[in-house]
Structures are given as C-alpha cells and as structure tokens.
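S.K.: After the structure tokens below, expect a handful of questions from me.
What follows draws every value from the coordinates through simple rules; no lab data is involved. Treat the numbers as computed from the prediction; the structure is a model and nothing was measured. Note that each Cβ is placed from the backbone with ideal geometry, even for glycine, and that neighbours are counted across all protein chains shown.
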Amino acid sequence: MCGIVGYVGESKAAPLLLDGLRALEYRGYDSAGAALMEDGAFTIVRRAGRVEQLSEPLAQLHSAAKIGIAHTRWATHGAPTEINAHPHISADGRWAVVHNGIIENADALRAELETLGIAFDSETDTEIIPQLLGRVSGFEDAEQGTPLDVLLDVLPLLEGSWALGILCANAPDKLLCACQGSPLLVGEGEDGLYLASDYAAFGENVHKVYRMTDGEIGVLTRDGAAFYDSRGQALTKPAEEFSHREQGGGKGSYTHFMRKEIDEQPLAVSRTLEQFFGGALHAAAAGDFRLPCQLPHSPRKVWLVACGSAYHACVSGKYVIEELARIPCEAVVASEFRYQYPLIGEEDLAVFVSQSGETADTLAAVREASARGAATLGVVNVAGSAIARACDAVLPTLAGAEIAVATTKAYSAQLAVLYALALHFAKEQAHEEPEFEEALRRLPESIQAALSTEDAAKAAAEQIAGADHAYFIGRNLDYAAALEGSLKLKEISYLHSEAYPAGELKHGTISLIEAGTPVIALACCERLLPKTAANIREVAARGARVFAVCARGNGEHWGTDSVISLQATHPLLMPSVEVIPLQLLSYHVARIRGCDIDKPKNLAKSVTVE
Ligand code: AGP
C-alpha cells in the first residue's frame with residue numbers, strides 16, 4: 001500500500017525522507033519519489049521501482065532543503081511508471097502533493113479542468129489534487145488567502161479517501177497534511193516535525209505522535225504543528241508518547257523478517273493470552289481467566305469478519321466458538337459482508353479481525369455492522385488504528401510490529417484471541433472447559449515445539465519448489481489451516497495453490513490431480529482421521545505426491561511421500577500448531593525460488609483501498 005513521509009525542521013530533509021521511505025517499503029509498492037522545497041522552489045526526484053533508486057539522485061543534489069515530502073506508490077490508477085509516481089505537481093508548478101487513498105470522482109474533476117485548459121501529466125487520480133489546488137489558488141481573490149484556505153476550498157470537492165502531504169511554493173516554511181479514510185500520523189521530534197503513514201517511519205528522535213482523524217488538516221512548521229477541522233477551526237489534539245525501540249527493531253541475524261517473525265510466534269501468543277489470565281501464563285491458576293473488555297452477554301450470533309489471513313483465523317474461530325460455546329457463528333470475508341445485506345442486528349456481536357487495523361474493506365464492514373445495530377469488537381495489532389477506533393470494544397493482539405507482508409505472528413495471535421473469546425462465551429453459559437483452558441495456557445509451548453519441524457518442512461519444500469500447482473486439503477479445522485497454508489505458499493513463492501475441503505476434492509478438482517502433483521494433506525483432526533486418510537489415498541492413487549501434516553504417530557501407512565509429525569495439543573487448538581510447518585514450508589519454497597520473501601510483488605501490508 002502507498003506510503004507517505006514528510007519533514008520540516010532544522011535538519012536536511014533528503015536523507016530523512018529516504019530513511020522514512022525505506023522503513024515503509026514493507027507496505028508494498030512499485031515506484032517512489034520525493035519533493036524538496038528550498039526558497040519556494042521544488043526539486044522533484046521520482047523513479048519506477050525500488051526506493052534505493054532515489055538514493056543516488058537525491059545525494060547528487062547536495063540539497064540543503066529542510067522541508068520535503070516523499071512517497072512509495074502502490075499503483076491503483078495508472079501503471080507503475082516514473083510519470084505516475086508521486087509527488088504530483090500543479091500546472092503552475094506551485095503545489096506538490098503525495099497521496100495514499102483513492103479519489104473516486106477524479107475522472108469527472110479531471111474532465112472539468114481539462115476543458116479549462118489544464119494539461120495533466122499522469123494517469124493517476126492523485127494529480128487532480130495539485131491541479132485543483134493550483135486552479136483555486138490561481139483565482140485573483142485567493143491572493144490574500146493562505147494555503148490552508150485553499151485546501152479548505154479544495155477538499156470538499158473530493159470524494160473517496162486520502163492521506164495527503166502537501167507543499168506550496170508560496171509558503172516555503174509550511175508542510176500541510178490532511179486525512180480522510182486513510183491513516184496519517186504527525187511525529188514531533190527534537191529536530192522538527194515528521195509526517196508518516198504509519199509508526200514504522202518514525203526514527204529515534206520522534207518522541208510524540210499525533211494520529212490524524214478523518215476531516216482533519218495539519219499545518220506543520222519547524223516550530224510545531226497546528227491542527228484544524230474541516231471548517232478551518234483550530235483543534236487541540238492529544239499526543240501519544242512514542243518510542244522507536246518498541247517498533248520491533250531490525251532482522252537481527254535473520255535473512256528475512258518473515259523468518260524472524262515465525263520464531264516470534266510463541267512470544268506473540270504468550271503476550272496476547274496474558275491479557276486473559278491476569279498476567280504471566282505459567283503463574284495463572286484455574287479460575288484466573290477473564291475477558292479484559294466488556295461485551296454483550298451471550299450474543300444471538302457471532303459474526304467474524306476480516307480479509308486474507310485474518311479471515312482464515314476467523315474460519316478457525318467459527319469452528320471453535322460453535323463447538324465450545326454452542327453459539328451460532330459465521331466467518332465472512334469483509335468485502336462480501338458489506339454488500340450481502342447481512343441479517344445482523346442488535347442481538348449480534350460482530351468481531352473484526354485485522355493486523356493493521358486499517359484494511360478498508362474491514363473498516364467499511366465495521367460501519368455496516370454498527371449501522372445495523374450490532375455490537376462491534378476489534379481484534380487488531382495496531383493500537384489506535386482506524387478499526388480499533390471504530391469498534392465499541394477492542395481485544396488487541398500483542399504480536400508487536402509485523403514487518404513481513406505475509407503475516408505469521410499476528411495471525412497466530414489472532415487465533416489466540418478467538419480461542420479466548422470462545423472460552424469466554426462457554427464460561428458465560430457455565431460450560432467450564434478445564435482441558436481447553438489448560439491447553440490454551442500452554443499454547444505458546446505447543447507452538448514452540450512445532451518450530452522443530454523446520455527440517456521436515458525444508459525437505460518437503462525442496463520437492464515442491466519446482467511445481468506449478470499445489471493443493472492443500474483438510475477437514476474441519478484442518479481445512480481452515482489449509483486455507484492459510486495455501487495463501488502463505490502462493491503469496492510469497494508465486495506457486496499457484498488451492499485449499500480444498502478434503503471431502504470436496506472428488507466433486508471436481510480431483511480431475512486436476514496427476515502424477516507428481518503435490519498435495520499437502522492436513523490430518524490433525526483426530527476424530528475425522530479415517531475420512532481424511534481415505535481422501536489421501538484417493539489422491540495418492542492418482543499419482544499425487546502427498547505431504548501429510550499430522551499428530552505424532554499418525555500417517556505412517558497412508559501412501560504419503562512424507563509426514564510432518566506434530567506434538568498434539570487440544571484438538572480445537574491444532575490450527576495454531578499445524579500452521580507452523582506450513583509457514584516454514586512456504587518460506588523455504590520461496591527461498592528456493594529466489595522470491596522477495598518480505599516484500600512479495602503486487603502485495604501490500606496494509607490494504608487501505610477497496
Ligand atoms: C496475509 O499474509 C496477507 N498479508 C493479507 O492476506 C492480510 O492478512 C490481509 O490483507 C488482511 O490484513 P489486515 O489483517 O491488516 O486487515
């Protein structure tokens with residue numbers, strides 16, 4: 001997803017902007033650019049491709065500019081080319097803009113301006129913003145106006161979402177920003193003011209952060225930040241204390257953030273679960289379990305709504321909530337939920353799961369559920385994120401900053417919260433589940449044990465890496481895990497794969513199984529083992545190479561090519577254990593295939609557009 005950085009202060013802006021862009025690379029992008037302003041004159045550098053391609057041209061400028069904006073672009077309108085890269089400039093050359101979001105009425109506005117003779121350079125929706133700013137400030141009566149006045153005139157013309165960084169040549173000491181439906185933060189440091197799409201871009205010398213909310217405008221100078229509402233009324237905003245150290249640091253000895261974050265899962269799950277057990281898990285005693293937030297009592301139905309891997313966590317959560325708490329539960333993809341006329345109402349609880357807390361489809365689904373009267377609960381990994389702020393209550397995942405685009409530790413922490421939610425609902429109905437509760441307290445240890453399957457996963461990866469297609473099959477919770485395993489494999493190794501309910505394969509897709517086709521069979525659901533074993537034999541009989549993932553002692557006689565054995569935990573918690581070898585398998589397939597594991601092509605860490 002696009003990333004914005006900006007700076008105004010006492011230091012040279014170019015290196016600070018470059019550092020900020022590098023820290024935002026994990027969000028996913030395909031071009032980058034920067035604008036420096038000195039004595040009211042812009043210097044613009046833009047490149048298709050990686051941020052590093054800006055480094056040399058910026059250095060060669062030897063610019064003394066102490067104000068600037070920069071951007072990583074994830075293409076939505078127009079190809080990932082240099083001309084479409086941000087910043088975009090007004091026709092009169094006096095406005096420079098970087099943007100994250102989508103201007104939905106850009107085409108109509110562009111047509112209007114083109115009839116007035118304004119020539120556009122790019123194919124982007126973003127360029128409409130500097131062109132409108134240039135047009136409006138060009139009016140004779142605008143001369144006495146300030147850039148803020150011009151911005152207040154232009155923003156109401158826009159429809160859609162935006163996080164903006166803006167420079168105006170007529171105000172060489174001011175960095176303007178505005179926010180509507182797309183995240184934007186202002187950081188206050190020792191040497192000036194910073195602007196960023198997320199916390200990762202703030203360095204050691206930022207100590208305070210102001211989170212912009214929809215409709216707000218900021219005017220930043222080296223002396224400080226002033227904030228205004230959409231009518232231009234001055235606002236007083238609270239600042240959050242900020243520490244760079246809590247942003248998870250670098251890769252350490254790891255080659256990739258993803259590999260590091262796979263290993264961080266026991267700690268991420270432990271920290272997340274401590275909220276429910278009053279502190280350290282090993283010290284918790286039976287009866288210590290508590291929900292750390294207020295929720296409606298025994299909802300009629302629980303809706304679990306999310307996207308991507310967070311949705312896969314919801315699929316597991318559905319099985320667990322229904323089996324443990326006997327409450328109707330539905331897992332829904334957020335982009336479907338909001339347009340399916342959901343039969344949701346005041347007696348329901350809608351749970352929205354999101355690592356970033358900024359996913360546009362999930363945020364829109366929150367608003368849809370709220371509008372229909374449901375209680376809303378956010379399960380998010382970023383405190384203060386838009387989804388957290390939009391929900392009635394929040395149960396945070398405490399996985400720490402997750403840098404790899406492919407989620408691992410946040411996904412595992414999401415599962416942990418959903419298990420805890422199921423236990424809460426069960427207890428509300430006087431169903432004490434001591435075995436489940438004990439296994440839940442020990443879940444970090446079970447995950448830690450599963451990390452020892454890396455050699456087996458690596459061996460399987462070597463056999464799969466050359467394939468063009470792979471299939472993941474499983475029943476019940478194994479199917480939920482198969483969904484996540486399949487997404488992990490394709491999103492980082494670009495090897496096409498599909499996840500299928502094991503019992504469904506024979507209803508069509510088995511026609512694609514031929515000699516050598518890799519099938520990863522999840523067989524951890526003990527009570528369905530005979531059925532899954534039969535499905536394994538079906539694909540093996542057609543020549544498939546079957547890689548089984550099962551609890552220790554199973555799978556030896558199913559005609560499989562390999563068996564990855566796991567230490568079993570409570571059946572309802574197995575998704576957290578069996579996903580570990582699937583993450584490791586995907587990681588090693590991607591490594592063997594030479595893929596960009598932390599920043600897969602076309603993908604973004606935070607999908608803030610629909
Ligand atoms: C998973 O590896 C992907 N990064 C993606 O599917 C992600 O889970 C999805 O975009 C949802 O993001 P969120 O959790 O930040 O809402």
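S.K.: If you scan segment 17-42, which residues turn out to be over 19 Å from the mean Cα position of the chain (by Cα), crowded, with 24+ Cβ neighbours inside 10 Å and outside any strand (DSSP E or B)? I'd like the intermediate steps shown before the answer.
M.R.: Filtering segment 17-42 down to residues over 19 Å from the mean Cα position of the chain (by Cα) leaves 17-19, 31-42.
Okay, now just the ones that are also crowded, with 24+ Cβ neighbours inside 10 Å, so 17, 31-37.
The one that is over 19 Å from the mean Cα position of the chain (by Cα), crowded, with 24+ Cβ neighbours inside 10 Å and outside any strand (DSSP E or B): Leu17.
S.K.: Would segment 496-519 turn up any residue that is crowded, with 18+ Cβ neighbours inside 10 Å and touching a Cys at 6+ places or on another chain (Cβ under 7 Å)?
M.R.: Scanning segment 496-519 turns up no residue that is crowded, with 18+ Cβ neighbours inside 10 Å and touching a Cys at 6+ places or on another chain (Cβ under 7 Å).
S.K.: If a residue counts only when it is within 16 Å of the ligand (Cβ to nearest atom) and either more than 30 Å from Lys490 (Cβ to Cβ) or touching a strand residue (DSSP E or B) at 6+ places or on another chain (Cβ under 8 Å) (or both), which helices (runs of 4 or more DSSP H) contained entirely in segment 270-381 have at least 3 such residues? Step through it out loud before you land on a result.
M.R.: Numbers: elements: 308-325, 334-337, 360-371.
Hits in segment 270-381: 308-325, 360-371.
S.K.: Looking at segment 414-430, can you tell me whether even one residue there is under 29 Å from Tyr29 (Cα atoms), in contact (Cβ under 8 Å) with a residue 60 or more places away in the chain, within 16 Å of the ligand (Cβ to nearest atom) and not charged (D, E, K, R)? I'd like the intermediate steps shown before the answer.
M.R.: At the first step, the residues of segment 414-430 found to be under 29 Å from Tyr29 (Cα atoms) are 414-415.
Right, trim to in contact (Cβ under 8 Å) with a residue 60 or more places away in the chain and you get 414-415.
Filter once more, so that each one left must be within 16 Å of the ligand (Cβ to nearest atom): 414-415.
Adding the requirement that they be not charged (D, E, K, R) leaves 414-415.
There is at least one residue in segment 414-430 that is under 29 Å from Tyr29 (Cα atoms), in contact (Cβ under 8 Å) with a residue 60 or more places away in the chain, within 16 Å of the ligand (Cβ to nearest atom) and not charged (D, E, K, R).
S.K.: Exactly one condition in (1) in contact with a Ser or Thr (Cβ under 8 Å, 6 or more places away or on another chain); (2) within 29 Å of Ser161 (Cα to Cα); (3) crowded, with 19+ Cβ neighbours inside 10 Å is false for Arg389; which is it?
M.R.: The single condition Arg389 does not satisfy is (3).
S.K.: So Glu123 fits all but one of (1) in a loop (DSSP other than H, G, I, E, B); (2) touching a strand residue (DSSP E or B) at 6+ places or on another chain (Cβ under 6 Å); (3) not polar (S, T, N, Q); what number is the exception?
M.R.: (2)
S.K.: Got a sec? Which of Ala540, Ala523, Ala544, Ala533 is under 16 Å from Ala457 (Cβ atoms), small (Gly, Ala, Ser) and in contact with a strand residue (DSSP E or B) (Cβ under 9 Å, 6 or more places away or on another chain)? Even if it seems obvious, please write down each step before you answer.
M.R.: Details: Ala540 fails: under 16 Å from Ala457 (Cβ atoms); Ala544 fails: under 16 Å from Ala457 (Cβ atoms); Ala533 fails: under 16 Å from Ala457 (Cβ atoms).
Checking each option against the conditions leaves just Ala523.
S.K.: Also: So Leu573 ticks every box in (1) over 28 Å from the mean Cα position of the chain (by Cα); (2) closer than 18 Å to Asp478 by Cα; (3) crowded, with 18+ Cβ neighbours inside 10 Å but one. Which box is left unticked?
M.R.: (1)
S.K.: Still on this structure: Within the set of pairs 6 or more residues apart or between chains, which connect a residue that is more than 24 Å from Trp162 (Cβ to Cβ) inside segment 588-610 to a residue that is in a loop (DSSP other than H, G, I, E, B) and more than 14 Å from the ligand (Cβ to nearest atom) with Cβ atoms less than 6 Å apart?
M.R.: From segment 588-610, the pairs are Val589/Ala465; Ile592/Ala465; Arg593/Ala465.
S.K.: Only one of Leu36, Leu18, Leu24, Leu58 is over 25 Å from Ala169 (Cβ atoms), in contact with a helix residue (DSSP H, G or I) (Cβ under 7 Å, 6 or more places away or on another chain) and not β-branched (Val, Ile, Thr); which?
M.R.: Values: Leu36 fails: over 25 Å from Ala169 (Cβ atoms); Leu18 fails: over 25 Å from Ala169 (Cβ atoms); Leu58 fails: over 25 Å from Ala169 (Cβ atoms).
Within the list Leu36, Leu18, Leu24, Leu58, the selection yields Leu24.
S.K.: Among residues belonging to segment 106-122 that are surrounded by 14 or more Cβ atoms within 10 Å (Cβ to Cβ) and touching a residue at least 24 places away in the same chain (Cβ under 8 Å), point out the one that is farthest from the chain's Cα centre (by Cα).
M.R.: Ile118
S.K.: Right, here's the next one. Go through segment 574-606 and count every residue that is assigned to a loop (DSSP other than H, G, I, E, B) and away from the ligand (no atom under 16 Å from the Cβ).
M.R.: Just the residues of segment 574-606 that are assigned to a loop (DSSP other than H, G, I, E, B), to begin with: 593-606.
Filter once more, keeping what is away from the ligand (no atom under 16 Å from the Cβ): 593-594.
Selection size over segment 574-606: 2.
S.K.: So in segment 479-505, with the set limited to residues that are within 16 Å of the ligand (Cβ to nearest atom) and of a type in the set (D, E, K, R), which one is farthest from the chain's Cα centre (by Cα)?
M.R.: If we take residues in segment 479-505 being within 16 Å of the ligand (Cβ to nearest atom) and of a type in the set (D, E, K, R), then Glu498 is farthest from the chain's Cα centre (by Cα).
S.K.: Considering only segment 31-56, how many residues are among the acidic types (Asp, Glu) and over 25 Å from Gly93 (Cα atoms)?
M.R.: Looking only at segment 31-56, we keep the residues that are among the acidic types (Asp, Glu), and these are 38-39, 52, 56.
Filter again for over 25 Å from Gly93 (Cα atoms), leaving 52.
Residues that pass the stated criteria total 1.
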